[in-house]
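The values are calculated or read from the model by the stated rules, or taken from the named source; none is laboratory data. What you are looking at is a predicted structure, and each value in this text was computed from that prediction instead of being measured. Please note: Cβ atoms are built from the backbone with ideal geometry, for glycine as well, and neighbour counts cover all protein chains shown. Accessible surface areas use protein heavy atoms only, side chains included; no ligands, DNA or RNA. Shrake-Rupley method; radii C 1.70, N 1.55, O 1.52, S 1.80 Å.
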Amino acid sequence: ARYCSGAAPPAGLPRGLSEEEEEEMIMSGAAIGIDLGTTNSAVAVHRSDGRFVVVPPQGTTYQSPTFPSVVAFNADGKVLCGPNAAKVKPSAKQAVFKSVKRLLGRSYAQAGELGLNPYKLGADPMGKANDLVRYVLPDGRRVLPQNVLG
């Protein structure tokens, strides 16, 4: 399984998943499922025995297999997600995006009609009413929400 930078798999591999089983899943092209929530997300892998295993990110416990749906970018191109991204303070050199899913496929006007303020969610302040909502990365690129989530 791949993780965002700074979010390595938890030590000991959760729920009895051995290093050999993890390697087998990688080599066999095992399925990885992502539940991308607006506020929290989760990742699960499909084991060779047919069971699904929820894989909590670093810094979480089995009681909390979900992680915040937060993505952070810095000017060097490094990307953080989940609990590590939630700790980042936005600045000119770092951008932090939350609730991105709420703005997928929406124009600034549509977001406003739903009572969402795209600007408070990190959207491009230069966006026009009929433009699709875009986010500004620290390097100046303007990207759609699906590019942030990808």
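For the pair Glu113 and Asp139, what calculated FRET efficiency results from E = 1/(1 + (r/R0)^6), where r is the Cβ-Cβ distance and R0 = 25 Å, to the nearest 0.05? Before the final figure, lay out the partial values.
Values: r = 31 Å, r/R0 = 1.25.
The pair Asp139/Glu113 has a calculated efficiency of 0.20.
Using a cut-off of 13 Å between beta-carbons, work out the net charge of the residues near Leu144 (Lys and Arg +1, Asp and Glu -1, Leu144 not included).
Working: positive: Lys101, Arg106, Arg134, Arg141, Arg142; negative: Asp124, Asp131.
Summing Lys and Arg as +1 and Asp and Glu as -1 gives +3.
If packing is taken as the mean number of other Cβ atoms within 10 Å per residue, what is the order of 76-84, 33-41, highest first? Each step should come with its number before you reach the end.
Values: 76-84: 17.6, 33-41: 13.2.
Answer by packing, highest mean first, reads 76-84, 33-41.
Run the 1.4 Å probe and let me know the accessible area of Tyr119, rounded to the nearest 10 Å².
110
Full extension from Lys89 to Asp35: what is 0.36 nm times the residue separation minus their Cα-Cα distance, to one decimal in nm?
On the way: separation 54, 0.36 × 54 = 19.44 nm, distance 2.54 nm.
Stretched fully, the Lys89-Asp35 segment lengthens by 16.9 nm.
Counting other Cβ atoms within 10 Å, which trypsin sites (Lys or Arg not before Pro) in segment 96-150 have at most 16 and lie in a DSSP loop? Intermediate values should be presented prior to the final figure.
On the way: sites: Lys98, Lys101, Arg102, Arg106, Lys120, Lys128, Arg134, Arg141, Arg142; in loops: Arg106, Lys120, Lys128, Arg134, Arg141.
Taking segment 96-150 and a limit of 16 other Cβ atoms within 10 Å, the loop trypsin sites (Lys or Arg not before Pro) found are Lys120, Lys128, Arg141.
Over 5 Å intervals from 0, what percent of Cα-Cα pairs in segment 97-149 sits in each interval?
P(r) over segment 97-149, rounded to whole percents: 4, 25, 38, 24, 7, 1, 0.
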